[in-house]
Amino acid sequence: MKVAVMGDPDTALGFKLAGAHEVYSFGDGPLEIERLRNKLRELIEAGDVGIILITEPLAQKIEMPDVKFPIILQVPDKSGSRFGEAQLREIVRRAIGVELKR
């Protein structure tokens with residue numbers, strides 16, 4: 001199973017440098033948001049992607065699909081999390097069954 005990353009250009013570059021293979025970069029314009037929607041749909045339907053990481057700001061711009069598989073996780077971008085630490089812990093716990101502690 002693959003891990004796919006969807007984010008702004010800076011976040012995408014960071015994941016590429018970290019060795020991620022399926023990395024997609026999107027801007028803020030209306031055409032970019034439409035590209036994002038289409039790519040997300042494509043990744044969900046592909047069947048070989050197990051986890052999709054999408055930055056919080058991008059996820060807020062589209063309607064997130066309610067699917068059981070692949071697992072779709074929202075991650076902070078370079079400006080930090082919009083959710084807060086407690087909610088991020090809960091998201092991780094529900095997604096992978098691991099409770100994060102400081």
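Each reported figure results from applying straightforward, stated rules to the coordinates on display, with no laboratory input. All values derive from a computational prediction rather than experimental measurement.
Results, tabulated for the structure shown:
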| item | result |
| --- | --- |
| Of 2/101; 16/68; 2/39; 2/78, pairs whose Cα-Cα distance is over 19 Å | 2/101; 16/68; 2/78 |
| Helix-derived mean residue ellipticity, 222 nm - over the chain, DSSP H n ≥ 4, -39500 (n - 2.57), to 500 | -13000 deg cm²/dmol |
| Antiparallel content of DSSP bridges confined to region 2-96, in %, to 5 | 5 percent |
| Residue 49 long-range amide H proximity, modeled H, under 5 Å | 2 |
| Region 2-96: equivalent-ellipsoid semi-axes (sqrt of 5 x gyration tensor eigenvalues, Cα, Å) | 18, 17, 14 |
| Relative contact order [Cα under 8 Å, 6+ residues apart], the chain, whole percent | 25 percent |
